[in-house]
Amino acid sequence: TSVIFDADGYMFITDCFNQRLIGSGPNGFRCIAACSGSAGSSSSQLFYPHTMSFDSYGNIFVVDQSNNRVQKFLLLSNSCSGTATVTTMATVLWYNVPEFTAYTSWSANGITFANTTTIGVLPYGIFIDTNNTIYVSEFGANRVQVWHDSSSVPIRNLTSGLSNPYSLFVAIDGDIYVDNGGSNTRVDKWTLNSNASISAMYVKNSCWGLFIDINDNLYCSMNALNQV
């Protein structure tokens, strides 16, 4: 249900219906987290994971939707050969694109960053910027919450006019774009430090994925219509 890349072009996939995270490498694909093959609520399992993102340290944050939580899988510094390191691309990118070695691995047991008490039911989207500010769209709670990575207490709560948001994306200037397409047929934008939104784009259905390229073009993937 989501795909991201590292700096070398290796692909990382949230394999929702197989209840795991997988990544590509020189020798093909491998499971990198929740590799039991079954859904569950233990620290080593996921239940319909939907989206994932890296922080600047190479740790993985994944929205574990049916468990109503966000899990954090720590990068292991002694992965395999001991050569697994992580750097961040020195480009204009404002989200984290780490560079991993072929031997990189993560902890088998996730740490719960946020649970249903904090994020309600059916969380969906996640975005982490290069300052390690974490944004989560909460489908069931009709809102977006924002955290600093060192804190479990949200620093911002966006609710104005949202109905069942799936995805979100944060621009380089700090503007937050949120899916509001299911009931309201639009993508909303919150400017930095504002609690009021404006319409950024009108769409025909929910955006299961949002993306902004380096030219500030905004893309919406509409699952129900098989369109971008």
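Assuming Met201 fulfils every condition listed in (1) on the phi > 0 side of the Ramachandran plot; (2) in contact with a Leu (Cβ under 6 Å, 6 or more places away or on another chain) apart from one, which condition is it?
Here Met201 meets the rest and fails (1).
Give the residues of the stretch 115-131 that are at pLDDT below 95 and closer than 13 Å to Phe54 by Cβ, sorted by residue number.
Within the stretch 115-131, Asp129, Thr130 meet the criteria.
Tell me, which residue of the stretch 198-218 that is closer than 10 Å to Gly181 by Cα and of a type in the set (Ser, Thr, Tyr) is farthest from the chain's Cα centre (by Cα)?
First, pick out the residues of the stretch 198-218 that are closer than 10 Å to Gly181 by Cα: 201-208.
The next check asks that each one be of a type in the set (Ser, Thr, Tyr); those that pass are 202, 206.
Working: Tyr202: 23, Ser206: 17 Å.
Applying the filter and picking the extreme gives Tyr202.
Any residue in the stretch 209-224 that is among the aromatic types (Phe, Trp, Tyr) and crowded, with 21+ Cβ neighbours inside 10 Å?
no
So, Ser194, is that one assigned to a strand (DSSP E or B), farther than 20 Å from Tyr95 by Cβ, hydroxyl-bearing (Ser, Thr, Tyr) and not assigned by TED's automatic domain parsing to the domain that holds Cys16 or not?
no
Of all residues being in a loop (DSSP other than H, G, I, E, B) and in contact with a Gly (Cβ under 8 Å, 6 or more places away or on another chain) in the stretch 1-45, which is nearest to Asp213 (Cα to Cα)? Just the residue, please. Don't jump to the end; show me each part of the working.
Here is the first cut: in the stretch 1-45, the ones in a loop (DSSP other than H, G, I, E, B) are 1, 6-10, 19, 26-27, 34-45.
In the following step, the residues that additionally are in contact with a Gly (Cβ under 8 Å, 6 or more places away or on another chain) were identified as 10, 19, 34, 43-44.
Numbers: Tyr10: 19, Gln19: 29, Ala34: 31, Ser43: 35, Ser44: 34 Å.
In this case the residue turns out to be Tyr10.
Quick check on the stretch 176-208: of everything there that is of a type in the set (A, V, I, L, M, F, W, C) and touching a helix residue (DSSP H, G or I) at 6+ places or on another chain (Cβ under 6 Å), which residue is surrounded by the most Cβ atoms within 10 Å (Cβ to Cβ)? Spell out how you get there, then give the answer.
We begin by selecting, within the stretch 176-208, every residue of a type in the set (A, V, I, L, M, F, W, C); these are 176, 178, 187, 190, 192, 196, 198, 200-201, 203, 207-208.
Checking which are touching a helix residue (DSSP H, G or I) at 6+ places or on another chain (Cβ under 6 Å) leaves us with 203, 207-208.
On the way: Val203: 21, Cys207: 29, Trp208: 20.
The extreme case among them is Cys207.
Take the residues in the stretch 117-159 that are in contact with a helix residue (DSSP H, G or I) (Cβ under 8 Å, 6 or more places away or on another chain) and among the hydroxyl-bearing types (Ser, Thr, Tyr); name whichever of them is surrounded by the most Cβ atoms within 10 Å (Cβ to Cβ).
Within the stretch 117-159, the match that is surrounded by the most Cβ atoms within 10 Å (Cβ to Cβ) is Tyr124.
The values are calculated or read from the model by the stated rules, or taken from the named source; none is laboratory data. Every value quoted in this text rests on a predicted model; they were computed, and no experiment measured them. Cβ sites come from the backbone with ideal geometry, for glycine too, and all protein chains shown count toward neighbours.
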